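*Asks:* So that we are looking at the same thing, I have put the structure below in structure tokens.
The values are calculated or read from the model by the stated rules, or taken from the named source; none is laboratory data. Being a predicted model, the structure only gives us computed values, none of them experimental. As a convention, Cβ positions derive from the backbone with ideal geometry for all residues, glycine included, and neighbour counts pool all protein chains shown. All accessible areas refer to the heavy atoms of the entire protein, side chains included, with ligands and DNA or RNA removed. Shrake-Rupley method; radii C 1.70, N 1.55, O 1.52, S 1.80 Å.
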Amino acid sequence: MLIIPIKDGENIDRALKRYKRKFDKTGVVRQLRRRSAFIKPSVSRRAEVQKANYIQGLRDAMES
């Protein structure tokens, strides 16, 4: 649970902005989206390898 202490006379918009920033840093929404669908380990590994090949191709092209 996130606790945001509000100082006397502090604008509620400012406190809400602090809450949203703190909530984003926890990564709860990203974690929920990632867990919403199961991805087989073989599929995730294949995507990892494809990304590595793509990046290596870009690096090779820059060297040439």
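*Asks:* Can you pull a Stokes-Einstein diffusion coefficient for the chain at 37 °C (0.692 mPa s), Rh from Kirkwood over Cα pairs, as a whole number of µm²/s?
*Replies:* Stokes-Einstein gives a translational diffusion coefficient of 206 µm²/s.
*Asks:* With θ set to phi - 60°, apply the Karplus curve 6.51 cos²θ - 1.76 cosθ + 1.60 along the stretch 27-39 and write out the HN-Hα couplings as whole Hz, x wherever there is a Gly or Pro.
*Replies:* For the stretch 27-39, the Karplus-derived couplings read x, 5, 5, 4, 5, 4, 5, 5, 8, 5, 10, 7, 10 Hz, x marking Gly and Pro.
*Asks:* In debye, nearest 20: dipole of the chain around its Cα centre with unit charges on the Cβ of K, R (+) and D, E (-)?
*Replies:* It comes to approximately 300 debye.
*Asks:* Output the 0 to 90 degree angle, nearest 10, between the alpha-carbon long axis of helix 12-26 and the longest principal axis computed from the alpha carbons of the chain.
*Replies:* 30
*Asks:* Okay, moving on. Counting heavy atoms of the protein chains only and a 1.4 Å probe, report the per residue accessible area for the chain as a whole number of Å².
*Replies:* 101
*Asks:* Place +1 on the Cβ of every Lys and Arg and -1 on the Cβ of every Asp and Glu in the chain, take the dipole about the Cα centre, and give the residue among S42, T26, M1 whose Cα lies farthest towards its positive end.
*Replies:* M1
*Asks:* On to the next question. Count the lysine pairs in the chain whose Cα atoms sit under 22 Å apart, keeping only pairs 8 or more residues apart in sequence or on different chains.
*Replies:* 6
*Asks:* Let me ask something else. Per the 1.4 Å probe, what fraction of the accessible area of the chain, in percent, lies on carbon and sulfur atoms?
*Replies:* Heavy-atom surface of the chain belonging to carbon and sulfur, 1.4 Å probe: 56 percent.
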